[in-house]
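Here's the structure, in structure tokens; my notes come after.
Values quoted throughout were computed directly from the atomic coordinates according to the rules given, and no laboratory measurement underlies them. Just so we're clear, the structure is a prediction, and the values are computed from it rather than from any experiment. Glycine also receives a Cβ, built like all others from the backbone with ideal geometry; neighbour counts cover every protein chain displayed.
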Amino acid sequence: MALNMRKRKLEKIPIFYESALTAACEEREIKTIHFKRLWKHIMTTPEKDVDFESMSQLPRALKKLLREKFTPCSSRLKKISHSKDRKTSKLLIELQDGNLIESVVIRHSDTRSGGHTVLCVSSQVGCRMGCTFCATGTMGLHANLNAGEIQEQLLIANRHVAKIRNIVFMGMGEPLDNWGAVKEAINGFYDGRKFGLSFQHMTVSTVGVISKMRLFSDTFPKVNLALSLHAGTQNVRKQIVPTSKAFTMSKLLDAVDYHNNKTGNKVFIEYLMIGNVNSSLNDAKELSERLKGRDVIVNLIPYNKTETGYDYEAPTLKQMEAFQKVMMDAGYYCTLRKTTVSGQDIDGACGQLAIKGLRKRDALDVESVVPDIKRSSSKEDTCIPPDMKRACCTKSCGSCSCECCASSSDGNTMLTLAAVGVGLLAYLRWLRK
């Protein structure tokens with residue numbers, strides 16, 4: 001079911017939005033063989049010098065189309081912040097419609113490859129999943145990025161920070177909640193005419209949109225899958241991840257089995273350790289029991305303090321090491337992701353991405369699933385006409401305290417509650433798909 005997402009007004013289309021570029025060219029009967037030359041020009045030319053007109057090898061019809069409808073880069077780097085240890089850089093990026101997103105560049109030096117640089121990309125402005133440990137969840141969902149905007153994050157990072165080798169979809173948003181754009185972006189990152197990254201150097205992290213997890217496994221068998229599990233039982237997971245009511249543990253683990261069998265690859269189990277919630281030895285035993293027989297790698301991630309309204313505590317190193325020992329004794333490969341604390345000083349660590357001042361009250365909420373019902377319950381639509389009001393009424397709507405307006409106000413409340421109820425039911429049906 002499609003939600004009534006507020007439509008974004010984009011003046012120009014990103015040149016890396018290949019499906020839009022292809023459709024526009026086909027409409028004007030322009031050959032697509034020029035795309036490689038076009039993308040290479042943009043990636044190898046300084047940003048200020050990119051000019052479609054100067055590309056002598058492009059046909060006039062394509063130049064005219066590009067001039068009218070497309071832009072070399074629709075996003076703009078607004079601010080860059082570097083952590084004190086210089087391992088992490090956070091990019092604040094402004095989209096052409098004024099929306100803001102954050103991306104993070106992480107430099108790894110202690111790897112078998114001798115060191116590489118990772119870009120953590122965003123797929124949405126905000127997120128509808130509402131995980132209680134995550135700052136992005138406090139924003140609600142404001143917009144989906146298109147495939148071009150997702151790829152532009154790599155273009156900007158390559159230009160302004162460092163050459164990127166790995167991509168992880170672990171920034172703002174739930175990637176599988178914007179599957180079409182993420183799918184096209186992954187293909188774009190891999191495309192040798194564009195960025196030419198390896199599928200094995202990409203990871204998609206999901207809180208567990210089950211139907212899309214299976215699609216992902218079918219479509220990208222070589223791309224890494226990371227599941228944000230965060231608990232060993234359904235009850236504990238429901239406290240941390242509200243969508244667990246629809247995406248239950250058993251269904252998630254069935255999707256893990258499907259990925260293992262379909263691709264032959266391991267699944268990364270992301271486990272955010274919250275000191276006073278899910279970090280006990282009993283939690284570790286429950287997790288090890290749940291994962292029994294599955295081909296997984298468990299990554300233990302320390303909770304980073306965020307402004308989510310929950311009284312969560314970071315785990316101690318002793319807690320993390322004891323938890324890791326239980327998992328390793330049970331036969332699992334289990335890592336401590338200590339590097340995720342890098343960037344805390346710039347709010348760029350795991351779970352800390354959020355646009356300050358942008359909160360759920362400004363976002364798409366569940367009531368917008370049924371906007372017509374909601375509007376019909378507004379005071380404007382339900383107030384009593386002046387010629388039908390009693391003499392005691394002095395206002396033009398049911399906002400006074402007399403009997404007739406009080407009953408009208410009660411009716412408004414009931415209609416609003418009904419609208420919200422219908423919206424919740426529709427939303428849960430959509431989550432179960």
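A few comments on the model shown:
- Check: segment 45-203 dipole with +1 on Lys, Arg Cβ and -1 on Asp, Glu Cβ, in debye: 420 debye
- Estimated vicinal HN-Hα couplings, Hz - segment 147-154 in sequence order (Karplus 6.51, -1.76, 1.60; Gly, Pro = x): 4, x, 5, 5, 5, 5, 4, 5
- With R₀ fixed at 30 Å, the C-beta to C-beta distance from Ile80 to Gln200 puts the FRET efficiency at about 0.60.
- Lys, Arg +1 and Asp, Glu -1 on Cβ, resulting dipole of segment 1-110 about Cα centre, debye, nearest 20: 200 debye
- Greater than 32 Å apart at Cα, pairs in Lys238/Lys266; Lys48/Lys305; Lys79/Lys238: Lys48/Lys305; Lys79/Lys238
- Taking a point 7 Å from the Cα of Glu47 along the Cα-to-Cβ direction, the residues of segment 163-193 with backbone N closer than 18 Å to it are 163-164.
- Coordinate range along principal axes, alpha carbons of segment 1-142, Å, largest first: 51, 45, 27
- Debye, to nearest 20: dipole size of segment 57-117, +1 on Lys, Arg Cβ, -1 on Asp, Glu Cβ: 260 debye
- Diffusion coefficient (Stokes-Einstein, Kirkwood radius over C-alpha pairs, 10 °C, 1.306 mPa s) for segment 13-71: 137 µm²/s, rounded to a whole number.
- Average projection, convex hull of the Cα set of segment 182-222: 2.8 square nanometres.
- Net length available on complete extension from Asn158 to Tyr333 is 59.7 nm, with 0.36 nm assigned per residue and the Cα-Cα distance removed.
- Zone residues, segment 254-273, relative to Lys238, backbone N less than 18 Å from point 7 Å out along Cα-to-Cβ: none
- For GluC sites (Glu not before Pro), the sites in segment 1-78 that DSSP calls loop and that have at most 15 other Cβ atoms within 10 Å are Glu11, Glu29.
- Separation of the Asp257 and Glu27 label points, Cα + 7 Å toward Cβ, nm: 4.7 nm
- Pairs with C-alpha atoms separated by more than 30 Å, drawn from the list Lys78/Lys262; Lys40/Lys69; Lys36/Lys183, are Lys78/Lys262.
- Using θ = phi - 60° in the Karplus curve 6.51 cos²θ - 1.76 cosθ + 1.60, the 3J(HN,Hα) couplings for segment 55-65 round to 7, 5, 7, 8, x, 4, 4, 5, 4, 5, 4 Hz; x is entered for Gly and Pro.
- Three principal axis lengths of segment 76-362 [C-alpha, angstrom, descending]: 48, 40, 40
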